[in-house]
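Novice: Quick one: this structure, given as structure tokens, is what I'll be asking you about.
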Amino acid sequence: MKDICVIGTGYVGLVNGTCFAELGNNVVTVDIDAQKVESLKKGVMPIYEPGLEELVERNVQAGRLHFTTSYEEGLRNAEFVFICVGTPEGVDGEADLKYVRAAAETIAKTMTHPLIVINKSTVPVGTGDWVADIVRNTQPKPIQFSVVSCPEFLREGSAINDFVHPDRTVLGSLDKSASEAVAQLYLPLRAPIVMTDLRTAEMIKYASNAFLATRISFINEISIICEKLGADVIEVAQGMGFDKRIGHHFLQAGVGYGGSCFPKDVSALSYMAQTHGMHPQLLNAVIEINAFQRKHVALKLHDLLHDVAGKTVGFWGLAFKENTDDIRESPALAIIEALLEQGATIRAYDPVAMPNTAKEMPQIIMCKNPYDVAEGVDAIVVATPWNEFKQIDMERVHKVMKQPIMVDGRNMYEPQKMRELGFIYRGVGRGFNGEGVN
Ligand code: UGA
């Protein structure tokens, strides 16, 4: 059992803190947001993440997981402190490090014994050195500490499973013994541990996310070519993926990637390259293709509806992906915003992301379920691939729509079947114009 302090109760902090407690460690999670801490103490989760609530409850009851606003309490017995605060996108794609700075300064002012400071937040290459400087320069008197970079690879929606079954753990530090101490925390997970210097570890995170985003933009570009040449992108991706050098993951064409990570991280990497005099052509193309992909889906709607002003469009899904209530950089919301500006009315349903969306877009008519969305609409856009959209009674949907137009931005349905049911159907990259291959 180790004593761990986690700074931040966002996705990264809350999931890591809880999972470390589940492994038998004593974890104190600190957040400056008193309301959030109070809610967590009462068992109310600030985010939707499958399995998290039960895990928090179990570990709080077992006395291994604590929530507080006090750094003193968090650091009192800690041997390790994880910085898991947000790094929002600043101007020009640059990462905004104000929360990391604040955490580092407060740790420095509060620590009373040697500590290993572990950075989990996604930060520009070189930030680990900067954090070390901040701690060193802010400490009222010198106390030994080391900084380790341990980048986060969890995905929202499957974060707990990803924590328990990581593909690898990356630890970067100039202090090898500090990395080895952190490695002990991860040994029970039995995954490969990659030890590097600080900057290399920070770069591994950016390069990993940028590569995954590149795969998505690649297949999205292929999907557009498929629509011109009459090929089916699902089968193309499948055929490619059997090649072990390529693999099947992250080759699903759709509305483009969203969320709090890929858009921000690809922009931040591009920014870092540009500020060092480089012209990151591939990264910029990835960003451009992703923006175009959202437009491409909206254009299909325009083609079919001609003028969207005065029309009602239904949305199945609002979250940036399934199994989360996160709407940050959600392709659905970007498309909806454009449609609203052009005078369309929007009806929508999402299993968990409606409350978050309603706060930002009160104009959307929120519905009880996918069938309710379909009532009287001129078209439906499938924006998030939730499981519950897989087995929809399409005959029922068809009956209640004003016009049977469906733009399936996630390729959830079979074009031919949809056409047989009487829909005017458009997928992404599924034969000529996304209509299917005959
Ligand atoms: C991503 C990475 O996958 C994690 O490894 C990383 O830890 C995390 O960012 C982070 O930096 O914190 P996440 O953003 O939660 O995780 O979600 P993903 O499952 O990677 O999906 C990102 C976006 O790509 C979603 O909008 C998803 O719908 C889209 N996507 C994914 C596709 O359009 N096609 C695909 O084949 C896969």
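Novice: On a full-extension model of 0.36 nm per residue, what is the gain between Glu388 and Asn77, subtracting their alpha-carbon distance, rounded to one decimal in nm?
Specialist: Full extension of this stretch gives 107.4 nm more.
Novice: Compute from the Cα atoms of the chain the Rg and the Dmax, the latter being the longest Cα-Cα distance, and quote both in angstrom.
Specialist: 23.5, 75
Novice: Step through the table entries Lys109/Lys264; Lys98/Lys295; Lys2/Lys120; Lys205/Lys264; Lys321/Lys402; Lys300/Lys417, compare each Cα-Cα distance with 22 Å, and write down the pairs that go over it.
Specialist: As for pairs spanning more than 22 Å Cα to Cα, those are Lys109/Lys264; Lys98/Lys295; Lys321/Lys402.
Novice: Kindly state, to the nearest 0.05, the FRET efficiency for Glu54 paired with Asp92, given R0 = 41 Å and r defined as their beta-carbon distance.
Specialist: E(calc), rounded to 0.05, equals 0.50.
Novice: Now for a separate question. For segment 3-196, which whole-number percentage of the solvent-accessible area (1.4 Å probe, protein heavy atoms only) is attributable to carbon and sulfur atoms?
Specialist: 50 percent
Novice: Give the Rg (one decimal place) followed by the Dmax (whole number) of segment 3-196, computed from C-alpha coordinates and expressed in Å.
Specialist: My reading of the Cα-based Rg and Dmax gives 15.6, 46 Å.
Novice: What dipole magnitude, in Debye to the nearest 20, does the chain give about its Cα centre under +1 on Lys/Arg Cβ and -1 on Asp/Glu Cβ?
Specialist: 300 debye
Novice: Say each of Val164 and Leu282 gets a label point 7 Å from the Cα, pointing the same way as Cα to Cβ; how far apart are those two points in nm?
Specialist: 3.5 nm
Novice: Where does helix 176-186 land angle-wise versus the long Cα axis of the chain, in degrees 0 to 90, nearest 10?
Specialist: The two axes meet at around 50 degrees.
Novice: Can you pull a Stokes-Einstein diffusion coefficient for segment 211-435 at 4 °C (1.567 mPa s), Rh from Kirkwood over Cα pairs, as a whole number of µm²/s?
Specialist: 72 µm²/s
Novice: Once the Cα atoms of helix 331-341 and of the chain are each reduced to a long axis, what angle between those two axes, in degrees from 0 to 90 to the nearest 10, is obtained?
Specialist: Helix 331-341 sits roughly 60 degrees off the main axis of the chain.
Novice: Here is a follow-up. Measure nothing but the geometry: give the 0 to 90° angle between the long axis through the Cα atoms of 127-138 and the longest principal axis through the Cα atoms of the chain, rounded to 10°.
Specialist: 40 degrees
Novice: Given a 1.4 Å probe and the protein chains all in place, what does the accessible area of Arg396 round to, in Å² to the nearest 10?
Specialist: Its accessible surface works out to 120 Å², give or take rounding.
Novice: Put +1 on the Cβ of every Lys and Arg and -1 on every Asp and Glu Cβ in the chain; which of Val437, Gly93, Val60 then has its Cα farthest towards the positive end of the dipole?
Specialist: Of the listed residues, the answer is Val60.
Novice: With each pseudo-label sitting 7 Å past Cα toward Cβ, what's the Ala183-Asp243 distance in nm, one decimal?
Specialist: 3.5 nm
Novice: Only helical DSSP H runs with n ≥ 4 go in: add -39500 (n - 2.57) per run for the chain, normalise by residue count and round the 222 nm mean residue ellipticity to 500 deg cm²/dmol.
Specialist: When only DSSP H runs of four or more count, the value is -13500 deg cm²/dmol.
Novice: OK, next. What do the square roots of 5 times the Cα gyration tensor eigenvalues come to for segment 1-51, in whole Å, largest first, as semi-axes of the equivalent ellipsoid?
Specialist: Output for segment 1-51: semi-axes of 18, 13, 9 Å.
Novice: When the solvent-accessible surface of protein heavy atoms is calculated with a 1.4 angstrom probe, in what order do Lys42, Lys295 fall, highest first?
Specialist: Lys42, Lys295
Novice: Among 194-207, 399-412, how do they line up by average Cβ neighbours within 10 Å per residue, starting with the highest?
Specialist: Result, highest mean first: 399-412, 194-207.
Novice: Name the long-range amide H neighbours of Gln342: under 5 Å, sequence gap of 5 or more, or other chain; modelled H, no Pro or chain starts.
Specialist: Distant-sequence amide H within range of Gln342: zero hits.
Novice: Take the alpha carbon atoms of segment 414-438, find their center, do the same for segment 301-315, and report the distance between the two centers in whole angstrom.
Specialist: Rounded to whole Å, the Cα centres lie 18 Å apart.
Novice: Which whole-number percent is the relative contact order of segment 211-435 (Cα, under 8 Å, 6+ apart)?
Specialist: Rounded, it is 24 percent for segment 211-435.
Novice: Taking N as the number of residues in segment 180-254, what is its Cα Rg relative to 2.2 N^0.38 Å?
Specialist: 1.54
Novice: A further question follows. How big is the shadow of the Cα convex hull of segment 21-90, averaged over all directions, in nm²?
Specialist: Convex hull of Cα atoms, orientation-averaged projection: 5.6 nm².
Novice: From the phi of every residue in segment 227-236, what ³J(HN,Hα) in whole Hz does the Karplus formula 6.51 cos²θ - 1.76 cosθ + 1.60 yield, where θ is phi - 60° and glycine or proline is x?
Specialist: The phi angles translate into 5, 7, 9, x, 9, 9, 5, 5, 6, 4 Hz.
Novice: Assuming R0 = 22 Å, can you tell me the calculated FRET efficiency for the pair Ala102 and Glu360, based on Cβ-Cβ distance, to the nearest 0.05?
Specialist: 0.25
Novice: How large is the accessible surface per residue of the chain, computed with a 1.4 Å probe and reported in Å² as a whole number?
Specialist: Averaged over the residues of the chain, the accessible area is 45 Å².
Novice: Still on this structure: Per residue, what volume in Å³ does the convex hull of the Cα atoms of segment 162-217 enclose?
Specialist: Each residue corresponds to 70 Å³ of Cα convex hull volume.
Novice: Could you give the length gained on full extension between Glu395 and Ser208, defined as 0.36 nm per residue of separation minus the Cα-Cα distance, in nm?
Specialist: 63.1 nm
Novice: Run through segment 36-140 and list the GluC sites (Glu not before Pro) located in a DSSP loop whose Cβ has at most 12 other Cβ atoms within 10 Å.
Specialist: Those that pass, being in a loop and sparsely packed, number zero.
Novice: Ile424 versus Thr275, label points 7 Å from Cα toward the beta carbon: distance in nm?
Specialist: It works out to 4.9 nm between the two label points.
Novice: Okay, next question. Among DSSP beta bridges whose residues both lie in the chain, state the antiparallel percentage, nearest 5.
Specialist: So the antiparallel bridges in the chain amount to around 5 percent.
The values are calculated or read from the model by the stated rules, or taken from the named source; none is laboratory data. In this text the structure is predicted, and so the values were computed from the model without any measurement. Neighbour counts run over all protein chains shown; Cβ positions are idealised from the backbone, glycine included. Please note that ligands, DNA and RNA were not included when accessible areas were found on the heavy atoms of the full protein model with its side chains. Shrake-Rupley method; radii C 1.70, N 1.55, O 1.52, S 1.80 Å.
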